[in-house]
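Novice: Below is a structure I'd like to ask you about.
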Amino acid sequence: MVKHRLLAKGLAPLLQALFLSFPVAALAQQQPAGVVTGLQGQAQLTRPAGLAPTALKFKDGVIIRDVVDTREKSLARILFGGRSTVTVRELTRLEVREELLPGGGRRDVHDLSSGAILVNVARQLMKPGDEVQIKTPNAVAAVRGSTLFAAFNALLNQSFFAQLSGTGVINIQGQPPLTLTPNTGLNVTGTGLGVKVDQVIITLAQANQILSESKVGKIVKEEGNKGGVIQAAVKEAAALANAVIEAVDKGQGPGQGDQGDKGDKGDKGDKGDTKTDNAPIVPPEAQKPSSGGGCGGSGNIVSNCGFETTGSIPSWDSTGAAAIITSMKDSSGNVVFKPTEKSHMAIIHTGSGAVSSSTSTLSQTATITPGKTYHITFDYNFMSNEYPTQGTQYNDTFRATAKGITSGEGDTLLIQETRNSSTFKTDKGAITSNGSTDSSFSNFTLSAGNGYTDWKTADKTVLNDGSDTSGTLEFKIFDVGDTSVDSAVLIDNVVVEEDPPLYQVFNGQSLTGPTNRSLVEFTDESSTFDSVLAASGSGPNGSPSVSLSGPLLKAVRSSLSVPYSLLALTNNSRLVSTSSDPLVWLQGGDYSLSYKKGTSIFDFWGSKTAVDPDTGVEIGTNKSVTHAGPLLEASGGATVDTQKVLKLDMALLEATAPIINLIGTPNAQTTLTTQQSTIDLIKAKVTSNGPLLAMDKSFINVTNGALINLTSGSNMKITGDLISMFTGSKINVVNGPLISVAGAGSLLDVSGALVNFGGSGGNKIVVNNSIAPTATLSGLPVSATWGGSVNISNPIKNPSLGLISVNGSLISATNGGSVKIQGK
């Protein structure tokens, strides 16, 4: 400690020499406050004297009233007064202030108007009466001998403080001071009488993440004056900055008490009032893209995710008939179904004499973090000998749930397939499970001509908005109506990984976007981030959890790479927009959005259901979005590549504008490519004035699935035309129909035309699949099987301006689904 104090004593003349050496006369006349000892990336320095902003450089002096602005992926470390360092995180605005106190002490004030900073204060180096303050628009933190992280989100008017070591005192107007002890944090939202204050636990993992993300990497070196007094002063200042951090680290690492002066054993604090029921909304600047990597990636918290560790299903708990197998083969030994990931997969099945109570389960419990967003995906193939010959009352069910994650709504339903809810194929002969790694397993056989869904990917975004530290993923298959006819499901490639969005809003919280502006905006930029917004549950007193008066995302001539859903509204969350601008607005540029398998740009799901009067089946009633404009608009020759655009799961959407609006230029088409069905409804309802999709000089390419897919009793009612195509627009669908409607009660009802061709003509719809047509209606081949029905009148408006080419079936209605196109 003596070494540190000697350094502090000798710093003043060095800093004075350093600052007086700068060419700006105003700087030499003002009191020096700090020096930049580390810089990564780019930052801007704005002087109070009205000078033009300049680039912040390594060894720059910082004076009173200076403003530091850091850019994306940039950090700056500033040494103040030989006793504290401030690490300014990316996308942060910090103003430097200083106040003289009675008795001769000095108060360093770090005025944080947006972004995040990490402050290290070495108590051993503080002079009597000195103070360090962090000031945000709605709170003031007093720091003396500790490490404190502070962030302010201007959009939410929210401050977040995390005490990593020592103690800190937080002052909030109109409330008594609150003392933070190690491993505690504080969330302050709003001001005045409406201020909301929540204390939270800071885990060791969170503390270490804050510290690791606040390390300055590559230092930008001084290019000139290698041997002069400036270089010597900077070198000494940098050494002192490290000494400050070392002094804090040695005495006060994360999770320890304030060591204080000699003889002080540390203040452990009172943690009795700490609450974890409302985790903090992490500000955008604190987020980093996840490592991800799929089943075998470092971000997956599921053990034995691909069932490659064989035996009696290691790492998983099971009941009934459950095993790891290598394949399913026909009677000639040919492989019919193989794993989607490597060489093994799991199977669970029902059946007389095979399992107790005709129910089998496979589950795993893993550690999760409160206040985090997770993305869950898995591959499955549901097979049932009940389909199609057994009656609909025999309705064997496969169900996947996540338990212990969201609060107040019980288990989270991930997927449910039943004998009469989805699209089945019946073109296989008898196939039997093969290569079981458990000799006691009773094999499953899918009989010739019975139903299977083929491999599908389920996905869901979930927020751990409670205080749970563990969650359970469960797969279950069970008989309904009988115990004699067997059903099974194959499972593979199970992934649960963290998805840190730029904004996350938890049950009981709310977010209000900037007035008449985008929540997130890019112009001529390249950026990678996990997702824009995830929200769970309703806002305060049942109000909307998200309120916008502009787009959620606007990007102009930019390149964005986003692996997860741009917008996830989960657990009955609601977004209300007063703007008619597109919710996601892309003007030129290249965009890889929601490219992780199974994801969608818009992922809306609820849990409240009611019987729909049009179909007599239960569907979702949660109105996820109220918005007068398109959900997605791309223009100016933009190219968009995604898995899906919209997935609506047990939810309701009332569209007054096209869900998708694509506008090209005279010289460049705007292009949208979806790897799966473009619009996917599961037990959901959409009403629209039409068109649902509007295209002008644009191209949609669906590589594996339908343009529009309705299952599980979903209902889509369009009062106008379904699709509008102008001036050389094209839709290309491969390995699927243009429209697929499956499951009892599923209905597409269009009062207008299937498509309205317009503009200068040259429009085209091209569909290729292996679905055998059962009828030709108005010149269009369609398939209606196993209780499905298709009725079409006048499907094309302005047929001279476009054509429809089909190899296979244009429309598929099966398993009780129906399509009505009236052409009015």
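Novice: For the range 386-514, with every protein chain kept in place, what is the accessible area per residue (1.4 Å probe, Å²)?
Specialist: Counting only protein heavy atoms, the per-residue value for the range 386-514 is 33 Å².
Novice: Taking the range 63-152, which chymotrypsin sites (Phe, Trp or Tyr not before Pro) meet the DSSP loop condition and have no more than 11 other C-beta atoms within 10 Å? Intermediate values should be presented prior to the final figure.
Specialist: On the way: sites: Phe80, Phe149, Phe152; in loops: none.
Listed in order of number, the matching sites amount to none.
Novice: Once you treat every alpha carbon in the range 619-778 as an equal point and sum by Debye, what is log10 I(q)/I(0) at q = 0.09, 0.17 Å⁻¹?
Specialist: Here the Debye-derived log intensity ratios amount to -0.27, -1.02.
Novice: On each of the three principal axes of the Cα atoms of the range 424-478, give max minus min coordinate, whole Å, ordered largest first.
Specialist: Here the spans come out as 49, 30, 19 Å, largest first.
Novice: I've got another one for you. Would you kindly find the accessible area of Thr46, with a 1.4 Å probe and non-protein molecules such as ligands, DNA and RNA excluded, rounding to the nearest 10 Å²?
Specialist: 40
Novice: I've got another one for you. Between the helical axis of 11-20 and the dominant principal axis of the chain, each derived from Cα atoms, what acute angle in degrees is found, rounded to the nearest 10?
Specialist: Orientation of helix 11-20: about 80 degrees from the principal axis.
Novice: Moving on to the next point. Once you wrap a convex hull around the alpha carbon atoms of the range 516-578, what is its projected area averaged over all directions, in nm²?
Specialist: Projected area, direction-averaged: 4.6 nm².
Novice: Could you rank Ser729, Ser818 by how accessible they are, 1.4 Å probe, largest area first?
Specialist: Ser818, Ser729
Novice: Give the carbon-plus-sulfur fraction of the accessible surface of the range 488-593 in %, rounded to a whole number; probe 1.4 Å, heavy atoms of protein chains only.
Specialist: 41
Novice: What per residue convex hull volume, in Å³, do the alpha-carbon atoms of the chain yield? Write out the running numbers ahead of the final one.
Specialist: Numbers: hull volume 151.3 nm³, N = 824.
Looking at the chain, the number lands at 184 Å³ per residue.
Novice: From largest to smallest, what semi-axes in whole angstrom does the range 606-645 give when each is the square root of 5 times an eigenvalue of its alpha carbon gyration tensor?
Specialist: Over the Cα atoms of the range 606-645, the ellipsoid semi-axes are 32, 12, 10 Å.
Novice: When averaged across all projection directions, what area in nm² does the alpha-carbon convex hull of the range 588-672 cover?
Specialist: On the way: hull surface 27.0 nm².
Convex hull of Cα atoms, orientation-averaged projection: 6.7 nm².
Novice: Leaving out ligands, DNA and RNA, what percent of the accessible area of the range 659-724 is carbon and sulfur, probe 1.4 Å?
Specialist: In the range 659-724, the share of accessible area belonging to carbon and sulfur is 47 percent.
Novice: Please say if the range 702-824 is rounded, prolate or oblate, where rounded means a/c under 1.5 for a ≥ b ≥ c the square roots of the C-alpha gyration tensor eigenvalues, and otherwise the choice is prolate for a/b larger than b/c and oblate otherwise?
Specialist: Cα axes put the range 702-824 in the prolate bin.
Novice: On average, how much accessible surface per residue is there in the range 591-709, in Å², for a 1.4 Å probe, leaving out ligands, DNA and RNA?
Specialist: I get 29 Å² per residue for this part.
Novice: Run the helix sum for the chain: -39,500 (n - 2.57) per DSSP H stretch of 4+ residues, divided by residue count, reported at 222 nm to the nearest 500 deg cm²/dmol.
Specialist: Theoretical 222 nm ellipticity from helices: -2000 deg cm²/dmol.
Novice: Any idea what the relative contact order of the chain is, in percent, if you count C-alpha pairs under 8 Å spaced at least 6 apart?
Specialist: About 7 percent, as a whole number.
Novice: Let me ask something else. Would you kindly derive the ³J(HN,Hα) couplings of the range 624-631 from the backbone phi angles with the Karplus curve 6.51 cos²θ - 1.76 cosθ + 1.60 (θ = phi - 60°), listing them in order in whole Hz, with x for Gly and Pro?
Specialist: For the range 624-631, the Karplus curve yields 5, 10, 10, 7, 8, x, x, 6 Hz.
Novice: Would you work out what percent of the accessible area of the range 61-173, with all protein chains in place, is carbon or sulfur (probe 1.4 Å)?
Specialist: Numbers: 1580 of 3230 Å².
That fraction is 49 percent.
Novice: If the chain between Thr469 and Ala366 were fully stretched, how many nm would it gain, using 0.36 nm times the residue separation less the Cα-Cα distance? Write down the numbers at each step before the final one.
Specialist: Working: separation 103, 0.36 × 103 = 37.08 nm, distance 0.85 nm.
Computed gain between Thr469 and Ala366 is 36.2 nm.
Novice: Using a 1.4 Å probe, what is the accessible area per residue for the range 41-89, in Å²?
Specialist: Ligands and nucleic acids excluded, the result is 35 Å² per residue.
The values are calculated or read from the model by the stated rules, or taken from the named source; none is laboratory data. Just so we're clear, the structure is a prediction, and the values are computed from it rather than from any experiment. Reconstructed Cβ throughout: ideal geometry from the backbone, glycine too, with neighbour counts over all protein chains shown. To get the accessible areas, we keep the full protein, side chains included, count just its heavy atoms, and leave off ligands, DNA and RNA. Shrake-Rupley method; radii C 1.70, N 1.55, O 1.52, S 1.80 Å.
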